[in-house]
1. All but one of (1) open to solvent by less than 70 Å² (accessible area, probe 1.4 Å); (2) in a loop (DSSP other than H, G, I, E, B); (3) at negative phi hold for Val163; which doesn't?
2. Which of the residues belonging to the range 112-140 are over 23 Å from Asn167 (Cβ atoms) and surrounded by 13 or more Cβ atoms within 10 Å (Cβ to Cβ)?
3. Working only within the range 144-156, note down all residues that are within 21 Å of Lys54 (Cα to Cα) and open to solvent by 10 Å² or more (accessible area, probe 1.4 Å).
4. Can you name the residue in the range 50-94 that is among the charged types (D, E, K, R) and assigned to a strand (DSSP E or B) and, of all such residues, is nearest to Asp133 (Cα to Cα)?
5. Looking at the range 94-105, is at least one residue at pLDDT 95 or above, among the basic types (Lys, Arg) and touching a strand residue (DSSP E or B) at 6+ places or on another chain (Cβ under 9 Å)?
6. Quick check on the range 202-224. Is at least one of its residues under 17 Å from the mean Cα position of the chain (by Cα), open to solvent by 20 Å² or more (accessible area, probe 1.4 Å), small (Gly, Ala, Ser) and at pLDDT below 95?
7. Which of the residues belonging to the range 86-101 are in contact with a Cys (Cβ under 9 Å, 6 or more places away or on another chain) and either buried (at least 17 other Cβ atoms within 10 Å of the Cβ) or within 30 Å of Leu49 (Cβ to Cβ) (or both)?
8. Criterion first (closer than 23 Å to Phe208 by Cβ, at pLDDT 50 or above and either in contact with a Leu (Cβ under 9 Å, 6 or more places away or on another chain) or part of a loop (DSSP other than H, G, I, E, B) (or both)) does Asn32 satisfy it?
Amino acid sequence: MLLGAAVSSFALSTLSACSSNDDSNPPPDAGNGSTTFPRTVPISLEKQLDPQKKYRLGVIWAQLDDDGPDPLPEVAIDVSFDPAATNVTFDAPPVPSEANFFCERSCDDEAKCPCLSTSKYRIAYGAIVLVLDADQNGKIELDFTGTGASKDRIELFGYGAFVHSPNGNDALPQVKDGVPLVDGAVQQGTALYRAIKKTDEFDRLTRFINGDTLEFRTKAPSVT
């Protein structure tokens with residue numbers, strides 16, 4: 001399941017992070033491109049959210065490879081979100097299960113074929129989303145299977161993502177126009193990235209540094 005398609009399908013149908021509308025004394029940032037958490041970043045919203053409704057901030061690990069059967073995405077962070085927030089503070093999300101790692105496998109069914117020990121890359125991709133908690137039960141319940149069972153829906157997509165690499169320095173395959181998904185070397189551990197436009201169709205990921213703003217838009221970034 002390509003992430004753009006996966007997350008878009010959510011819209012159609014933990015360690016914690018928190019939001020705050022008090023940016024006068026935000027928690028200290030981890031530094032330029034650091035993998036250290038907690039990490040506080042400024043945010044901007046493409047559209048105003050209804051202050052009378054309840055929202056959740058989520059990080060969702062999803063399989064980037066759309067060949068074969070796809071594992072269900074995994075909600076790694078799920079906390080309340082204040083529509084008036086001007087920054088958010090993230091703790092490092094717990095890593096996903098083996099099935100949601102993007103790696104070389106012996107078959108296209110991630111549930112049956114684990115990552116090869118010889119795989120040149122092994123990363124996890126976590127989409128950042130703002131979700132309307134329609135039933136106000138205090139948790140993200142998205143329709144990952146397309147059955148229409150959930151009333152929660154993604155209101156805005158973060159133009160960025162979490163990337164986790166157990167080993168670092170992954171030799172990622174080229175995914176569009178001869179460019180890899182991630183700009184530069186992938187470091188070991190979990191880091192926050194932002195999406196930047198590289199072609200008319202493809203948004204590449206680059207390390208999030210101090211001074212960057214995490215934008216939330218109505219359309220998901222296209223990363224594959």
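The values are calculated or read from the model by the stated rules, or taken from the named source; none is laboratory data. A quick note: this is a predicted structure, and the numbers were derived from the prediction, not measured. Cβ sites come from the backbone with ideal geometry, for glycine too, and all protein chains shown count toward neighbours. Heavy atoms of the whole protein, side chains included, go into the accessibility calculation; ligands, DNA and RNA do not. Shrake-Rupley method; radii C 1.70, N 1.55, O 1.52, S 1.80 Å.
1. Of everything listed in (1) open to solvent by less than 70 Å² (accessible area, probe 1.4 Å); (2) in a loop (DSSP other than H, G, I, E, B); (3) at negative phi, Val163 misses just condition (2).
2. Of everything in the range 112-140, those that are over 23 Å from Asn167 (Cβ atoms) and surrounded by 13 or more Cβ atoms within 10 Å (Cβ to Cβ) turn out to be Ile128, Val129, Leu130, Val131, Leu132, Asp133, Ala134, Lys139, Ile140.
3. Correct list: Phe144, Gly148, Ala149, Ser150, Lys151, Arg153, Ile154, Glu155.
4. Arg56
5. Yes, the range 94-105 contains at least one residue that is at pLDDT 95 or above, among the basic types (Lys, Arg) and touching a strand residue (DSSP E or B) at 6+ places or on another chain (Cβ under 9 Å).
6. Yes, the range 202-224 contains at least one residue that is under 17 Å from the mean Cα position of the chain (by Cα), open to solvent by 20 Å² or more (accessible area, probe 1.4 Å), small (Gly, Ala, Ser) and at pLDDT below 95.
7. Answer for the range 86-101, where residues must be in contact with a Cys (Cβ under 9 Å, 6 or more places away or on another chain) and either buried (at least 17 other Cβ atoms within 10 Å of the Cβ) or within 30 Å of Leu49 (Cβ to Cβ) (or both): Val88, Thr89, Phe90, Asp91, Phe101.
8. yes
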